[in-house]
Structure formats: structure tokens, C-alpha cells
Amino acid sequence: MSDTATPFSGLSPDLVLDAAESLGLIADGRLLHYSAWIARRWNDPAFPAAFTWFRTRGYWQERILELREQIAAMEEGPFWVL
């Protein structure tokens, strides 16, 4: 590998950007999955004690904001490098 090679060398810039945008969606999906897991386990007495922030308005406002940002990013379409 040369000094200028990167893990993305030889890939289309559009493909790299699409993948990067998808990673944001994956991260948000994981966060939603994590929140659903906590919600399903909420009746376990250990969960309310361990996840005190889960039922706060701020936690859910942040999740909603993240989802709105992802929707806006998807509506903008792909980012093109010329």
C-alpha cells in the first residue's frame, strides 16, 4: 500500500458518501433498537435503577431530533463530489 492509499482507494466517491450516510442511519437504528430493548425490559427492577434517564423528556427529545435530522438528510438526496 502506498503512502497515499486509503481504505477507500479505488472506490467511487459517491459510493463512499452513500456508505457514510448509511452509517448514520445504522447508528440511529441501533439507538432505537437499544431504546426498545430497555422498554421491553422495564419491568425488571434493575432497569429503572440503571437507566434513570430513559423516562426523561430530554432523552426522547434527543431521539426525535436525531430522527428528524436523518429524515432531512434523506430528503436532501446524495452529496455529490465533483
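Quick one: in the range 51-81, of everything that is of a type in the set (Phe, Trp, Tyr) and modelled with pLDDT under 90, which residue is surrounded by the most Cβ atoms within 10 Å (Cβ to Cβ)?
Phe79
Taking into account only those residues within the range 1-50 that are assigned to a loop (DSSP other than H, G, I, E, B) and charged (D, E, K, R), which is modelled with the lowest pLDDT?
Asp3
The values are calculated or read from the model by the stated rules, or taken from the named source; none is laboratory data. For clarity, every value in this text was computed on a predicted model and none was experimentally measured. Glycine also receives a Cβ, built like all others from the backbone with ideal geometry; neighbour counts cover every protein chain displayed.
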